[in-house]
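Working notes for the structure below.
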Amino acid sequence: ISSRSSHADDSLCRELIAPFHGQVDTVAAPAVGGIVLAVLSARAFADKGEDVAITWADKADGEFIFERAGFAQKLVGKRVLVVEDLLTTGGSVDKVCRAVEAAGGQLVGISVVCNRGDLTEEKLGVPKLEALASVSFSAMDPASCELCDKKVPIVEDIGHGADYKAEHPGYTGGYIKL
């Protein structure tokens, strides 16, 4: 990553990494959505003169693993920051954090764009959790969901849409892919 002065396109990532300056050797993220955040976060570190590696964990059989050539080696003995866009249940980011630790990385924290699950460091078992925004909302039971009553299609290729489709293949609102 080359150091460049200012990038309008990565100002969000400059904010994501701000609480972690001088504490990170590697930025990690869950694939697929987190890859862009990891790359731009590492570039934001480079803009501050910090040489930070990038890696991401691919999802395989419900787990996240650092399986690509050289990815796990970027974690061994390194201080690792995990970045993510949305934090809802914490399931994906927790699996990435545990994979970082299993690979010999030292987790320094998690930085997310939005914590919409009221998650805390204690709930996630991490040393530090930073969020650029936090919102609270309640999850709805499908039996009392207004959107389900209106038969609004469910996005199956983002979030937990595929899981819902597998559990409710006959949902009358149908499914879409983005």
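The values are calculated or read from the model by the stated rules, or taken from the named source; none is laboratory data. Just so it is clear, the structure is predicted and the values come from calculations on it, not from any experiment. Glycine also receives a Cβ, built like all others from the backbone with ideal geometry; neighbour counts cover every protein chain displayed. SASA here: full protein model, heavy atoms, side chains in, ligands and nucleic acids out. Shrake-Rupley method; radii C 1.70, N 1.55, O 1.52, S 1.80 Å.
What to note about this one:
- Within the stretch 105-132, the set of residues being surrounded by fewer than 20 Cβ atoms within 10 Å (Cβ to Cβ), in contact (Cβ under 8 Å) with a residue 60 or more places away in the chain and out of contact with any Pro (no Cβ under 6 Å at 6 or more places or on another chain) comprises VAL113, LYS128, LEU132.
- Taking the stretch 49-79 as the range and being of a type in the set (D, E, K, R), at pLDDT 95 or above and open to solvent by less than 70 Å² (accessible area, probe 1.4 Å) as the test, only GLU50 passes.
- The selection criterion, being touching a strand residue (DSSP E or B) at 6+ places or on another chain (Cβ under 6 Å) and either part of a helix (DSSP H, G or I) or closer than 27 Å to LEU178 by Cα (or both), holds for VAL113.
- Matching residues in the stretch 140-159 - criterion: being of a type in the set (Gly, Ala, Ser) and either surrounded by 10 or more Cβ atoms within 10 Å (Cβ to Cβ) or in contact (Cβ under 8 Å) with a residue 40 or more places away in the chain (or both): GLY159
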